[in-house]
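The values are calculated or read from the model by the stated rules, or taken from the named source; none is laboratory data. Not measured: the values here are computed from a predicted model. Neighbour counts run over all protein chains shown; Cβ positions are idealised from the backbone, glycine included.
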Amino acid sequence: MKKILYLSILLLQIVCSPLYSQIGVYNDSPDGSAILDIQSAGNNQGLLIPQLTTVQKTAIIKPATSLLVYDTDKRCISQNIGSETVPVWTCLTLFNRKFFYMPSINITTSTLGTYTKDLYAQYKTEYATPMYKSTGAPTTIPHFTSPTDLQYYVTYYDASRITINSINANGIMSYTTIKKANYDDYINIVFVVK
């Protein structure tokens, strides 16, 4: 009798399991693109993810790539953008600032003419491979992986020595040097997150 009961339960699980590929919480019709679709019972509640200190978070053994926790020390939603074996935790709320400044970019004016400068490549070089880091900091600074994720602005340059001709959507700046400087000239760039 027990065998028949176990077989019946197993058969029922096999028959019913393909019917539910999504889970809905307070939601009878979960979105087909979501494995878990949560709605507030009274439209006045949110999702509370695990809250850990930085020490507790970094003590997680083999944290999955994209694992999320709320870091109570840094006061941010923190995501592992590294791997299980080499976790790299980043604050999503700090990474998604609306704008940020680059260090001044050196423009040589020793030869007059029209040139291009890849502002995105400069940004990626500065952020992806910093020269030094603090103890415990990741070896790379989180950065946007596509040049079209950003908008590019020049906020300062010496118009008596440089003319900015254009900046395309990929961050390629065309400029013309019109007068030599004693040394080099500098321009200031602001990146805005789209």
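Quick look at the values:
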read-out	value
Which numbered condition THR90 misses (of (1) exposed (fewer than 15 other Cβ atoms within 10 Å of the Cβ); (2) among the β-branched types (Val, Ile, Thr); (3) within 30 Å of ILE61 (Cβ to Cβ))	(1)
From SER146, SER166, SER174, residue being among the polar types (S, T, N, Q) and within 30 Å of THR58 (Cβ to Cβ)	SER146
Unmet criterion (only one of (1) surrounded by fewer than 16 Cβ atoms within 10 Å (Cβ to Cβ); (2) under 25 Å from ILE187 (Cβ atoms); (3) in contact with a helix residue (DSSP H, G or I) (Cβ under 8 Å, 6 or more places away or on another chain)) for THR114	(3)
Strands (runs of 3 or more DSSP E) lying entirely in the stretch 78-194 (those with 1 or more residues that are not aromatic (Phe, Trp, Tyr))	89-91, 105-107, 113-118, 150-156, 162-167, 172-177, 185-193
Test: residue in the stretch 128-141 that is surrounded by fewer than 16 Cβ atoms within 10 Å (Cβ to Cβ), more than 30 Å from LEU48 (Cα to Cα) and touching a His at 6+ places or on another chain (Cβ under 7 Å)	yes
Matching residues, the stretch 136-176, being of a type in the set (A, V, I, L, M, F, W, C), closer than 15 Å to PHE100 by Cα and touching a Lys or Arg at 6+ places or on another chain (Cβ under 7 Å)	LEU150
Residue selected from the stretch 38-64 under the condition small (Gly, Ala, Ser) and within 26 Å of TRP89 (Cα to Cα), by the criterion modelled with the lowest pLDDT	GLY46
From the options TYR70, TYR120, residue that is in the same structural domain as TYR186 (by TED's automatic domain parsing), modelled with pLDDT of 90 or more and either closer than 18 Å to MET173 by Cβ or out of contact with any Leu (no Cβ under 6 Å at 6 or more places or on another chain) (or both)	TYR120
